[in-house]
Amino acid sequence: MNIQRWVARRESNWQRLDALLRQVETKGLKSLNAAQIRELASLYRSVAADLARAQTQQVGNILIQNLQSLTTRAYTQIYQGSRRQEWQAVVEFYRWELPRVIRQTFAYTAIATALFVLGLIVAWWYAWQDPTFMSLIVPQRLISQVRDEHKLWMGSIVGIEPLASSGIMINNLKVSFGAVAGGITAGAFTVYIMVLNGLLIGAIATLVGQNNLAYPFWAFVFPHGALELPAIFFAGGAGLLLARAILFPGAYRRGDALKFYGSQAVQLLFGIVPLLVIAGIIEGFISPNPRIPDPLKYLFGTVLFISLYTYCNRKPSSAKR
């Protein structure tokens, strides 16, 4: 191989790759248009082949080092740059796309919330009218502790916060995933979960109200409930989206409807998981903490709920649309 002729023929590619890399390194990968990105990838493969050829020929260490530097820089920008773009896409999803999906599917979340409230009202009504109804919903151990000892059960979390927090997260995730997956039963299991959870909360609320423990009970619920309950409502809405695709595909074929509404349900699920993780941490470490005054817990929960409401209603500026 004539080294000088080969270098003269290939050098323009090396210089072009170097120029593109300098642009990316100073302005980012987004500064390149689609054609330039394709050119960058093509040049990277070409220069990598040149490096392999140079290493088998006696072309000099300086040229080999220069080609190694070029290929390393190109690899870093192409592969690590794409990973940065993936992370940027994740950030953009949680920043703008998730609130948009939440607003777009609000009717389904509202129906899931209404089912929960229906269960709550039914339990509240029957628990006040018939004392035996309470034992059908609430474990007897909790009933005895509240009625006989006039104590709430949250104190058992204190001292085992990490274990309790992880257990709470797992349980809440199971409930939420069940509500979402329940959509494939044409929504029957989703409806069951939402009403059942409403019945449970309504019966417990009546139990603590009858025994003058409502204020400390809701002080416990407010901090984590500000995120946990909306997350469960979103999960119910996601399940109802799947049910809508199965029962009422509308203008879509059923398979296409499942893809469309299923995509929205999955996006809601991506929002539900971090909410439940945060709620689980709060429920394990903040909600049962006796050193935090109850008024502060109410304030904390209120601020969290207002923040979530504000987040769900945020919209990109016209420049971002």
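Evaluating Gly198 against the criteria (1) farther than 29 Å from Trp128 by Cβ; (2) at pLDDT 95 or above leaves one unmet condition, (1). Just checking, which of Phe133, Phe116 is assigned to a helix (DSSP H, G or I), over 32 Å from the mean Cα position of the chain (by Cα) and surrounded by 14 or more Cβ atoms within 10 Å (Cβ to Cβ)? Exactly one of Phe133, Phe116 is assigned to a helix (DSSP H, G or I), over 32 Å from the mean Cα position of the chain (by Cα) and surrounded by 14 or more Cβ atoms within 10 Å (Cβ to Cβ), namely Phe133. Taking the stated definitions as given, is Leu247 more than 16 Å from Leu142 (Cβ to Cβ) and within 20 Å of the chain's Cα centre (by Cα)? For Leu247, the condition - more than 16 Å from Leu142 (Cβ to Cβ) and within 20 Å of the chain's Cα centre (by Cα) - is not met.
Annotation note: Cβ proximity below 8 Å between a residue of the range 42-66 that is over 14 Å from Trp6 (Cα atoms) and a residue that is hydroxyl-bearing (Ser, Thr, Tyr) (sequence gap 6+ or interchain) occurs for Tyr44/Thr71; Tyr44/Tyr75; Ala48/Thr71.
Would you check if there is a residue in the range 1-10 being under 30 Å from Ala238 (Cα atoms) and either over 36 Å from the mean Cα position of the chain (by Cα) or not hydroxyl-bearing (Ser, Thr, Tyr) (or both)? No: the range 1-10 contains no residue that is under 30 Å from Ala238 (Cα atoms) and either over 36 Å from the mean Cα position of the chain (by Cα) or not hydroxyl-bearing (Ser, Thr, Tyr) (or both). Which of (1) under 30 Å from Pro274 (Cβ atoms); (2) among the charged types (D, E, K, R); (3) at pLDDT 85 or above is the odd one out, the single condition Glu86 does not satisfy? For Glu86, the exception is condition (3). Scanning the range 196-207 for residues that are surrounded by 19 or more Cβ atoms within 10 Å (Cβ to Cβ) and of a type in the set (A, V, I, L, M, F, W, C) yields Leu199, Ile201, Ala203, Ile204, Leu207. None of Ala186, Ala205 is farther than 28 Å from Gln104 by Cα and either in contact with a helix residue (DSSP H, G or I) (Cβ under 7 Å, 6 or more places away or on another chain) or in contact (Cβ under 8 Å) with a residue 60 or more places away in the chain (or both) except Ala205. Checking each residue in the range 86-112 for being surrounded by 15 or more Cβ atoms within 10 Å (Cβ to Cβ) and within 13 Å of Ala238 (Cβ to Cβ) picks out Leu98, Val101, Ile102, Thr105, Tyr108, Thr109, Ile111, Ala112.
Residues that are open to solvent by 60 Å² or more (accessible area, probe 1.4 Å) and farther than 30 Å from Ala245 by Cα within the range 264-301 comprise Ile278, Ile281, Phe285, Pro290, Arg291, Pro293, Pro295, Leu296, Leu299, Phe300, listed in sequence order. All of (1) in contact with a Ser or Thr (Cβ under 7 Å, 6 or more places away or on another chain); (2) closer than 30 Å to Gly183 by Cα; (3) of a type outside the set (S, T, N, Q); (4) open to solvent by less than 90 Å² (accessible area, probe 1.4 Å) hold for Leu51 with one exception: (2).
Just one of the listed residues (Val180, Val191) is open to solvent by 30 Å² or more (accessible area, probe 1.4 Å) and under 21 Å from Ala107 (Cα atoms), namely Val191. The residue that is least open to solvent (accessible area, probe 1.4 Å), counting only those in the range 1-29 that are charged (D, E, K, R) and free of Cβ contacts under 8 Å to residues at least 12 places away in the same chain, is Glu11. Criterion first (out of contact with any strand residue (DSSP E or B) (no Cβ under 6 Å at 6 or more places or on another chain) and surrounded by fewer than 11 Cβ atoms within 10 Å (Cβ to Cβ)) does Ala41 satisfy it? For Ala41, the condition - out of contact with any strand residue (DSSP E or B) (no Cβ under 6 Å at 6 or more places or on another chain) and surrounded by fewer than 11 Cβ atoms within 10 Å (Cβ to Cβ) - is not met.
Residues that are in contact (Cβ under 8 Å) with a residue 40 or more places away in the chain and within 17 Å of Asn313 (Cα to Cα) within the range 85-94 comprise Phe93, Tyr94, listed in sequence order. Residues that are part of a helix (DSSP H, G or I) and not basic (Lys, Arg) were ranked within the range 241-255; the one that is surrounded by the fewest Cβ atoms within 10 Å (Cβ to Cβ) is Gly255. Given Tyr252, Tyr261, which one is in contact with a Lys or Arg (Cβ under 7 Å, 6 or more places away or on another chain) and among the hydroxyl-bearing types (Ser, Thr, Tyr)? Within the list Tyr252, Tyr261, the selection yields Tyr261.
Close contacts from the range 209-231, counting a first residue that is open to solvent by 50 Å² or more (accessible area, probe 1.4 Å) and a second that is modelled with pLDDT under 95 and hydroxyl-bearing (Ser, Thr, Tyr), with Cβ to Cβ under 9 Å and a gap of 6+ residues or different chains, come to Phe222/Ser287.
The values are calculated or read from the model by the stated rules, or taken from the named source; none is laboratory data. All of these numbers come straight from a predicted model, not from anything done at the bench. When we count neighbours, we look across all protein chains shown, and the Cβ atoms used for this are built from the backbone with ideal geometry, even at glycine. Protein only, heavy atoms only, side chains kept; ligands, DNA and RNA dropped before computing areas. Shrake-Rupley method; radii C 1.70, N 1.55, O 1.52, S 1.80 Å.
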